[in-house]
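One structure is given here, and the rest of the page talks about it.
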Amino acid sequence: MAFNEILTLLGLRGLSYSEMIWVMIGLLGQLIFFSRWVVQWIASEKNSKSIIPIPFWWFSLCGGLITFLYAYHISSFPFMLAQFMGIIIYIRNIYLIIKNKNKYE
């Protein structure tokens, strides 16, 4: 399959340089967001039980923020709303972790 055919198949053919950069930003956000599950899986395997480690929330927040920016760029209100609601939850969980960590130090 030729390179141009692959671009066409992925819906990327004919994009300007700046639009291609935005697609890469969106993919980066999704990659970071997906990575949280890898972090959670590794932590659960290490502990032989299902746990959600602190980095899970940081990956969620970073991936969510980047993906929100991409959704804003493409003017997708449903996409922005979904990310925004998640971002509130990630910030709240990080706040609770920091708040409770300071109680015991």
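Only the coordinates and a few stated rules stand behind these numbers; no lab work does. All figures in this text were calculated on a predicted structure; none of them were measured in a lab. Heads up, the Cβs are rebuilt from the backbone with ideal geometry, glycines too, and the neighbour counts pull from every protein chain shown.
Key figures for this structure:
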quantity	calculated
Calculated on alpha-carbon atoms, Rg and Dmax of the chain in Å	17.6, 59
Contour excess over end-to-end distance, with Cα ends at ALA82 and GLU19 and 0.36 nm allotted per residue	20.4 nm
Kyte-Doolittle at least 0.0, axis length at least 27 Å by Cα - qualifying DSSP helices, the chain	17-47, 54-73, 77-103
Sequence-separation-based contact order of the chain, relative, with Cα cut under 8 Å and 6+ spacing, percent	24
Spin-label model distance (nm) - TYR72 vs ILE97, 7 Å beyond Cα toward Cβ	2.4
